[in-house]
Structure formats: structure tokens, C-alpha cells
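Comments concern the structure below.
The values are calculated or read from the model by the stated rules, or taken from the named source; none is laboratory data. The structure presented is a predicted model; accordingly, all values stated were derived computationally and were not measured. In this analysis, Cβ positions are derived from the backbone assuming ideal geometry, glycine residues included, and neighbour counts consider all displayed protein chains. Each accessible area value is taken on the protein alone, full model and side chains, heavy atoms only, with ligands, DNA and RNA left out. Shrake-Rupley method; radii C 1.70, N 1.55, O 1.52, S 1.80 Å.
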Amino acid sequence: MNHPEAISDDLYREIILDHYTCPRHKGHLETATHRLEGVNPSCGDMVELDLEVRDGRVVEVGFVGEGCSISMASASMLAESVRGQTLDQVRLLADTFKARLLTKGRIPEPPEGVEIGELEALDGVRAYPVRIKCALLAWNTLLEAIEDER
Ligand code: ZN
């Protein structure tokens, strides 16, 4: 890692645990314009993602789900990071996050305008290939949910 103030694995674990035990934006949205369920059979994770999209922007996010700490923490972080973003920004962030976890080599620098923020805490999942699916479940569900919004 080339970040001068690289945060430690312990802090990463703490962030994941915090999102798992205190998930952000948990619950269905009454105002949802999009709702999609995603499953990860290899681990038994399930997430149902609600989006309220207005004028090309995700104005509100909610999710319910059951699964391992990685899948639920990732859904919670997703909800926090895409809320308020345009659909184009959401797609770019999701693609950037996926590329980050799926690359076998060095983690690429995020494109300009993309804030990785706390999502960095999930980088450690790269060492456990079966858990990558857990971390990507909510993100793949998100991309599928907005697929027709062009
Ligand atoms: Zn899982």
C-alpha cells in the first residue's frame, strides 16, 4: 500500500464489525422506486436492496438482509456511500469497488471523483476468495437494480 497513513488491519476489522452490528439505513423504504433481492448461495447471504431514485439520483437507500458479517457490512457501507449520488456516480463507484476486490495484483487508484472512503476496510477480503462474493453481493444487486436506468 502506498498510502502514507495506511490504516491497520485492526481498524479495518473494527469498521466492518461496526457496520455489521450497527447497520446504516437498515429497513425497507416506503418510497422505493427500485427493489431487488440478491443471494449468494455459496455462503447463504441474502440482501434486499431498496432505492429511491429521483431525477437520476439515488436520494434514499435501504436494505434488509441476512448473512455473514462481510456481506452485511458491505451492504451497510454501500447504503452510506451511494446515498445522494447520481446513477452515473453510483455505477462508477460500484465498478471501481468491484475492480478493487477482483484484481489479483496491485489495487488500482480510484478514478478521479470516486471516494473509496471506508470501503477500503473490505480490501482484506481479497485474501479470501470465497468471501469476495459476500462483499460484492450488495454491489452486484445494486448494479442489476439500476441496469435499465440509462
Ligand atoms: Zn457471506
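Would you mind checking the tilt of helix 69-82 against the longest principal axis of the Cα atoms of the chain, expressed as 0 to 90 degrees and rounded to 10? Helix 69-82 sits roughly 60 degrees off the main axis of the chain. Binning the alpha carbon pair distances of the chain at 5 angstrom intervals from zero yields the distribution 2, 10, 20, 24, 22, 14, 6, 2, 0, expressed in whole percent.
State which stretch of the chain is the longest one without any exposed GluC sites (Glu not before Pro), exposure meaning a DSSP loop state and at most 11 other Cβ atoms within 10 Å.
By the stated rule (loop sites, at most 11 other Cβ atoms within 10 Å), 31-111.
Partner aspartates and glutamates whose Cα lies under 17 Å from the Cα of Lys104, excluding those fewer than 8 positions away in the same chain, are identified as Asp95, Glu120, Asp123.
A Cβ-based charge dipole, computed about the Cα centre of the stretch 4-149 with Lys and Arg at +1 and Asp and Glu at -1, lands at about 440 debye. Calculated mean residue ellipticity at 222 nm for the chain: -13000 deg cm²/dmol, from DSSP H runs with n ≥ 4 weighted as -39500 (n - 2.57), summed, divided by the residue count and rounded to 500.
Residues whose amide H falls under 5 Å from that of Glu60, counting only those 5 or more places apart or on a different chain, are Glu52, Gly84, with hydrogens built in the peptide plane. Here Thr141 sits with roughly 10 square angstrom of accessible surface, probe radius 1.4 Å.
Report in % the part of the accessible area of the stretch 42-150 that belongs to carbon and sulfur, leaving out ligands and nucleic acids; probe 1.4 Å.
For the stretch 42-150, the apolar C and S fraction of the accessible surface comes to 47 percent.
Averaged over its residues, the chain has an accessible area of 55 Å² per residue, based on protein heavy atoms and a 1.4 Å probe.
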